Amino acid sequence: MKNLLKFVVVFAITLNIYAQEKENLWTAGRPDGHAPISVMGDHYHGKNDVMFSYRFMRMNMETLVNGTSSITNAEAHDSGYMVTPLNMPMNMHMLGAMYGLSDRITLVAMAMYVENDMELQMRMPNGMINQFSTASSGFGDVKIGALYKILNKNRQSLHAQLNLSIPTGKIDAEDVTPMSNPNKIQLPYPMQIGSGTFDTDLAVTYLGQSDLVSWGSQLKTTIRFGENDDNYTLGNNYGLNSWFAVKTTDWLSFSGRIEGLITEKISGANPNLNPMMVTTADVNNSGGKYINSGVGFNVYIPKGTFKNVRFGFEYAYPIFQKPNGIQLKREETLTFGLQYSL
Ligand SMILES: [Cu+2]
């Protein structure tokens, strides 16, 4: 009888500790259990979990800036460029898959389809302005990688990510311009679909949550290796992204995000491009420093037929930008995403 009582007490204590530990784990099973939809590699999975995702991202760029000052197209022509861009919308469709190899390691794969459009103007020797547009599209670079859970306790979590980017996206996209008419000519750097080099993403992500709110921060770098077939390398990226979310109900959360981003200049130069023809063909007009802000929401379906379906939306806008040289000004970025876990 005494032994039975002892057993019950020990059993009850063990259960209680187990319950508390469960309580103290950071969990993805809530709307803000995923970061704002624009953040990649923000969460990992448990063993044998599978998740598929689709994201659509639309980014717009419009009007010229030279560093932090605005510059007119006429002034950019005066500085020696025959052609200058007016705007560039860019669409990206991203398909992702995640698989929990173990409770520590999640494998990830991502493919994307990119569509670029650019409107430009040419100043003729007689001073006349001629507007035209170019477009490019195609499948981009494929990324494969893994997330490694470092710890999960006290409702805080830390994980690392390593991605390898394989140069499957083309770097020789062509279109017809007034200068090349009727032939097609290779388009400048921003209109290309892939990087042309093997790249790696390295990231460390910290997450925390309480009953009502959650927060996270991700330090991320993209490092590119070697030189592509057109003798150039896109700049490395360094970013620190932080967010905060309020869980209003079991299925809805709202988020705010702020991100500092540094992109280095392109190194090398594509010998097929004439840097004085158009600002986008001059590597001095590439890379820069940005501070982006974003607001969004996540919807998570916790039960029923559509259990584990998520929808996320984010509107992002740069609050500071200092591109190197003359470039189009970054405007809003819209991101929509659907995620489904099995
Ligand atoms: Cu996932």
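The values are calculated or read from the model by the stated rules, or taken from the named source; none is laboratory data. Source: prediction; values computed, not measured. When we count neighbours, we look across all protein chains shown, and the Cβ atoms used for this are built from the backbone with ideal geometry, even at glycine. Remember, those area values only see protein heavy atoms, side chains included, never the ligands or the DNA or RNA. Shrake-Rupley method; radii C 1.70, N 1.55, O 1.52, S 1.80 Å.
Would you please give the FRET efficiency between SER79 and ASP117, computed as 1/(1 + (r/R0)^6) with r the Cβ-Cβ distance and R0 = 30 Å, to the nearest 0.05? So, using R0 = 30 Å, E works out to roughly 0.75.
With N set to the number of residues, divide the alpha-carbon radius of gyration of the chain by 2.2 N^0.38 Å and report two decimals.
Values: Rg = 24.0 Å, N = 342, 2.2 N^0.38 = 20.2 Å.
Cα Rg divided by the expected 2.2 N^0.38 Å: 1.19.
Placing a label point 7 Å from the Cα of ASP172 along the Cα-to-Cβ direction, the residues of region 204-239 whose backbone N falls under 15 Å of that point are 228-232. For a straight C-alpha distance cut-off of 17 angstrom, the aspartates and glutamates reachable from LYS307 (same-chain residues fewer than eight places away being disregarded) are ASP32, ASP49, ASP250. State whether region 215-342 is rounded, prolate or oblate according to the following rule on the C-alpha gyration tensor (a ≥ b ≥ c being the square roots of its eigenvalues): a/c under 1.5 gives rounded; otherwise a/b larger than b/c gives prolate, and the remaining case gives oblate. The shape class here is prolate. Applying a DSSP loop filter and a limit of 14 other Cβ atoms within 10 Å to the GluC sites (Glu not before Pro) in region 223-322 leaves GLU227. For n ≥ 4 DSSP H runs only, could you compute -39500 (n - 2.57) per run for the chain, divide by its residues and tell me the 222 nm figure to the nearest 500? Helix contribution divided over all residues of the chain: -2500 deg cm²/dmol. Accessible surface calculations at 1.4 Å, restricted to protein heavy atoms, place the chain at 50 Å² per residue.
For ILE129, the solvent-accessible surface with a 1.4 Å probe is about 80 Å², rounded to the nearest 10.
Extending 7 Å from the Cα toward the beta-carbon at both GLU227 and ASN91 defines two label points whose distance is 3.6 nm. By the rule of a C-alpha distance below 21 Å, with chain neighbours fewer than 8 residues away ignored, the lysines paired with LYS184 are LYS170.
Normalising by residue count, region 152-297 has a Cα convex hull of 142 Å³ per residue. Placing dummy labels 7 Å off each Cα toward the beta-carbon, the span from PHE336 to MET124 is 4.2 nm.
Taking DSSP loops as anything outside H, G, I, E and B, show the longest stretch in the chain free of chymotrypsin sites (Phe, Trp or Tyr not before Pro) there with at most 16 other beta carbons within 10 Å. The longest such stretch corresponds to 1-250. Equivalent-ellipsoid semi-axes for region 270-342 (Cα gyration tensor, √(5λ), whole Å, largest first): 40, 16, 8.
In summary, the convex hull built on the alpha carbon positions of region 96-230 has an orientation-averaged projected area of 12.3 nm². For the chain, the carbon plus sulfur part of the accessible surface works out to 62%, probe radius 1.4 Å.
Of all lysines in the structure, those lying under 18 Å Cα to Cα from LYS220, and not within fewer than 8 positions of it along the same chain, are LYS143, LYS149, LYS265, LYS289. With no solvent and one point per C-alpha, what does the Debye sum give as log10 I(q)/I(0) for region 86-142 at q = 0.24 Å⁻¹? Once normalised to I(0) and log-transformed, intensities are -0.91. Remark: region 14-155 is approximated by an ellipsoid whose semi-axes, taken from the C-alpha gyration tensor as √(5λ), come to 49, 17, 11 Å, largest first.
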